[in-house]
Amino acid sequence: YKGYPALSAAYLTYRSDPEYQRLHRKMLSLLRSRKSQIMLEFQFWPTHPPASKGGLYELRSYMLKSGTLLEWEQNWRIGVECRKHHEVPMGAWFSQLGDLNQVHHLWQYPDLQVRKEVRESAWSENGWPETVLNTVPLIQKMSSRIMLPMSFSSLK
């Protein structure tokens, strides 16, 4: 969305669209839980489309300790430059609404073996070990999800 006014307009459209309301009622019986977040992009890490289609995507998520986002950002400004020598990061975002103090990174790889090799090669870059050393103490919880594009996805 392009700012909160666009988000508000989208919500209003969804709430007043009869087809959306019908689909929403039908879908509710399939849901066990649902959670939403509104994220903002880090200025130093703009979102990029995938370099090529296919492969797999890794979404890395971090729950930071309260009050550490700026320290995280300062360290990752260096870290992302180190990683750019080995791969093109697709984007990074931080939470504004929903679960706060969360950061998400999205990466694309041809396969898991290349992911392993790229991640290992980053350790040889000046600045990468320091980024990890300085940011690990800021983390409360982290996760990594490997995602594959569905058959109908434009990323396939």
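The figures follow:
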item: Unique residue being of a type in the set (A, V, I, L, M, F, W, C) and under 27 Å from PRO137 (Cβ atoms) when the list is LEU23, LEU69, LEU31; result: LEU69
item: Test: residue in segment 4-21 that is closer than 29 Å to MET90 by Cα and in contact (Cβ under 8 Å) with a residue 24 or more places away in the chain; result: yes
item: Near pairs, Cβ below 8 angstrom, 6+ apart or cross-chain, from segment 41-54 (open to solvent by 90 Å² or more (accessible area, probe 1.4 Å)) to any residue that is hydrophobic (A, V, I, L, M, F, W, C) and modelled with pLDDT of 85 or more; result: PRO49/MET90
item: Residues of segment 53-97 that turn out to be in a loop (DSSP other than H, G, I, E, B), of a type outside the set (Val, Ile, Thr) and modelled with pLDDT of 90 or more, as a count; result: 4
item: Yes/no for VAL118 being more than 22 Å from GLU71 (Cα to Cα), open to solvent by 90 Å² or more (accessible area, probe 1.4 Å) and under 19 Å from the mean Cα position of the chain (by Cα); result: no
item: Hits in segment 1-33 - residues which are polar (S, T, N, Q), within 23 Å of LEU97 (Cα to Cα) and assigned to a loop (DSSP other than H, G, I, E, B); result: SER33
item: Residues of segment 68-78 that turn out to be in contact with a Leu (Cβ under 8 Å, 6 or more places away or on another chain) and open to solvent by 40 Å² or more (accessible area, probe 1.4 Å), as a count; result: 1
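Residue-by-condition table, conditions (1) within 24 Å of THR68 (Cβ to Cβ); (2) touching a residue at least 12 places away in the same chain (Cβ under 8 Å); (3) over 15 Å from the mean Cα position of the chain (by Cα); (4) open to solvent by less than 60 Å² (accessible area, probe 1.4 Å):
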{"position": "VAL80", "(1), (2), (3), (4)": "yes, yes, no, yes"}
{"position": "ARG83", "(1), (2), (3), (4)": "yes, yes, yes, yes"}
{"position": "PHE94", "(1), (2), (3), (4)": "yes, yes, no, yes"}
{"position": "VAL103", "(1), (2), (3), (4)": "yes, yes, no, yes"}
{"position": "PRO110", "(1), (2), (3), (4)": "no, yes, yes, no"}
{"position": "SER124", "(1), (2), (3), (4)": "no, no, yes, no"}
{"position": "GLU130", "(1), (2), (3), (4)": "yes, yes, yes, no"}
{"position": "VAL136", "(1), (2), (3), (4)": "yes, no, yes, no"}
{"position": "LEU148", "(1), (2), (3), (4)": "no, yes, no, no"}
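The values are calculated or read from the model by the stated rules, or taken from the named source; none is laboratory data. Treat the numbers as computed from the prediction; the structure is a model and nothing was measured. All Cβ positions, glycine included, derive from the backbone under ideal geometry; neighbour counts span all protein chains shown. Just the protein is used for accessible areas: all its heavy atoms, side chains included, with ligands, DNA and RNA removed. Shrake-Rupley method; radii C 1.70, N 1.55, O 1.52, S 1.80 Å.
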